Each structure stands twice: as C-alpha cells, then as structure tokens.
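Note sheet for the following structure.
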Amino acid sequence: MGQFSKMSNKKLRRAGLSKDITERLAVNNVFTCKDFLSKNNLELLKLLGLGYYSLQKVVKTCCKACVPESITALELLERRKSKNFFETTLPDLDKVLHGGIPMGTVTEIAGPSGCGKTQFCVMLSVVATLPANMGGLDGCVMYIDTESAFSAERLVQVAQCKYPEYFSQEDSLLQLTRSIFVDVQQTCSSLIKRLTSLEEEIISRKIKLIVVDSIASLVRKEYSGSGGKSLIDRTNFLSQQAAILKYLAEVFCIPVVVTNQITTRFGQNPTPSDLEEGGEIVPDTDSGYVTAALGNTWSHNVNTRLILQYLEGQKRQVLVAKSPVAPFTSFTYTIQDTGIVQEVDGAGHYHGTDPGIQNIRVRSSLPLEYAMKK
C-alpha cells in the first residue's frame, strides 16, 4: 500500500504523458497520477478535450505508472539493514529482536489488565522523545487513547526516574509533555477517521512513534454480538485499521505500537471458527485457556507480538510470541518507578505455538470457571 502511494504521487510527465496533455492538466491543478486518477471520465474528457478512446489510452498509461516495480531479494535485504530499530530499553529483549522494535512495522503488546501494557507504552513514549545518542527517536509521539488510561503524571514520573539527569530541569520536562500528543477516541468510526488524517501531522509535528492503546477496546464494545453481520463488520474494520497502521509505519518508517486485551476460550482444541472470535465462545467443557483477543486473523496483521503475563508476586513475564527475526523467548520484568524493568537472569526459551492461541497466565486464585463469572 505504501509503495503504491509513492508511485501514485509520480509526476504526470514522468509517467509518460505528453507535454501537451500535462500542460492542460496543470492548468486545472492536476499534477500527479493520483490527481489524474481521482477524476472521473467525464471530468477528464472536459479537461483534455479528447475522444473517449484516446482518453482511455491516457488513463491506461497513467495506471501503468502507478504499478509498484518489482525488487530483488538483495534490495529487500539492503532496505532491511538500512532500517533502524527502536530500543525498548529491555536489554535482552532488544538483543533477540536484533536491536529493538523494528521501524516501519506494527508491534502489538497483548496481556491481561494490570500487567503493564500502558506502562510499557508510556515508557516507550518517553524514550521516543530522547535524542538519538540516548537511544531515542528525537521526535514526537501520537498517543491514541481509547480507554482513557493515559496518565501525564506517570509519564513525568517515568521520565524523571529513568533519566534523572536529562529531565532534571523543568524546561526538559515541559519539552517532553509538549512532544506527546494524546488523542482520546471513543468510537470505531472516529478512530478510523483519525488514523486516515494522520499523514499531515506526522510530517508537520515530526511524529516518530504512534501508539494505539488499546486496539481491542472499541471493537469489543461496538461489535459484541455473535451474528454473521457483526462478525463481517468487525473483520472489515480490523482489516481497514491494520492496513492504515501498516501504511503509516511503512511510508514514514516509524514504529507503530498497539495494545490488545485478552479473551477466554473453552476447550483444548479451538476450531477455525473459534479463532475468528465472532463473539462469545460457548463453553463445551470445564477447561479453558486465556489468549490474546481479536482472533487469529488479527494476529496475522501485526508484524511482532509481545505477550505480557503474570508470574509469582510482583514479577511478570514478556513473551516474544511472534517475530520475523526472534525465536520464542521470554523475559522476566517488574513494574517500577522507572517503568518496565527487566530482571537479571530472567531470560529463557519457551515452547511457542500459533500466536493466535498462545496461552496467557492471568492472576487469579480461583478456578477458571469461577474466575470468569466474576
């Protein structure tokens, strides 16, 4: 999608149209292939004064110019090397991810409530505003909050505790808070509208990180039914949302981080229809498991999935459940004043599975069937 957008912005002269035609179009503020193809046939006939068949030849030429060119595996490799990574400040996690969260991709952080998803996002927001020599992105953050969970006080606390010298002056804290743009969205339609309007702001405000916290909140409120239409509408919404986020990440080469909630599935062997999570899962056995919400289709829309889960006491664990470069690895962490802090000697490997059905540990002293009734 991003490559097509670049090609559609190609100047008409470079697309192979004649000088006479490009001059006629320029008079009417039509300069690119995108401008040209946005017009209907009647408008183009009036602008160019051509016959229908002659116009179709011009349209065909313009369409061919918008087709993305094929590239070699070597070019893809070089492009991959040229993309930097955004450090999470968790040393072992950054190491297995080959440097951190990859730029130009969508990374999901999934887990139960209270496990640190928002804390993780707040910490990443602080890091993104830092200069490059401190591991930051030297830019601003667009923080889209769908749960009203963002805390400016917590943002300042993380900044002061994690980087006390850099944020020792009031001016640096003011610059930090001015660099985080928090946008609260309450409906699916308003969220899509906001995402589609971000391009100009990414450029004008120098946005280097986009956070959506959370991706599941609005979807589960508005598409909670189990009917076929509700499932289709929800799938379409999630697909559209994923396409926009991937487009923004790829075109502007910035990391996009989204958070996801959890859901409970009953039975040891989920069916394909269960994986789509069209609504409430009807229990057919006394056993069940907790996994990331939004189903299997959504899990394939993210490039990297990190799952947060509870351990004993104050300890928690982050699992690399999906990554194009990292194996199934786990890291122990705690939530402190400085944000998410990795425990020493808390790294290891685990037996992974399909990220859409990866079991997640939750904190409950009750059996699953009783915990779900609460």
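The values are calculated or read from the model by the stated rules, or taken from the named source; none is laboratory data. Just so you know, these numbers come straight off a predicted model, no measurement behind them. Virtual Cβ from ideal backbone geometry, glycine too; neighbours counted across all protein chains shown. Side chains are part of the model used for accessible areas, which takes the heavy atoms of the whole protein and leaves out ligands, DNA and RNA. Shrake-Rupley method; radii C 1.70, N 1.55, O 1.52, S 1.80 Å.
Annotations for the structure displayed:
- 13 Å reach of a label modelled at C253, 7 Å along Cα-to-Cβ, counting backbone N of segment 87-108: 103-105
- Once the chain from E200 to V27 is taken as fully extended at 0.36 nm per residue, the excess over their C-alpha distance is 59.8 nm.
- The stretch between E78 and R363, if pulled fully straight at 0.36 nm per residue, gains 98.2 nm over its current Cα-Cα span.
- Straightening the chain between Q240 and E165 buys 22.7 nm, computed as 0.36 nm per residue apart minus the Cα-Cα spacing.
- For segment 159-214, the share of accessible area belonging to carbon and sulfur comes to 49 percent (1.4 Å probe, ligands and nucleic acids excluded).
- Flagged links, alpha-carbon separation over 18 Å, of K95/K315; K193/K246; K34/K60; K39/K60: K95/K315
- Cut-off under 5 Å, modelled amide H: who pairs with L308 long-range: A110, G111, L319
- Residues of segment 102-133 with amide N under 16 Å of the 7 Å Cα→Cβ point at V184: none
- The modelled label-to-label distance for the pair L174/K193, using points 7 Å beyond Cα in the direction of Cβ, is 3.4 nm.
- Modelled label positions at D233 and L50, each set 7 Å beyond Cα in the direction of Cβ, lie 4.3 nm from each other.
- Peptide packing for 316-324, 149-157, 84-92 was compared via the average number of neighbouring C-beta atoms within 10 Å per residue; ordered from the highest value, the list is 316-324, 84-92, 149-157.
- Backbone HN-Hα couplings from phi across segment 187-194 [Karplus 6.51/-1.76/1.60, Hz, Gly and Pro as x]: 9, 5, 5, 5, 5, 4, 4, 5
- Projected label distance in nm at F85 and V344, using a 7 Å step from Cα toward the beta-carbon: 2.3 nm
- Hz values of 3J(HN,Hα) by residue in segment 297-304 - Karplus curve (6.51, -1.76, 1.60), Gly and Pro given as x: 4, 4, 4, 7, 8, 9, 7, 9
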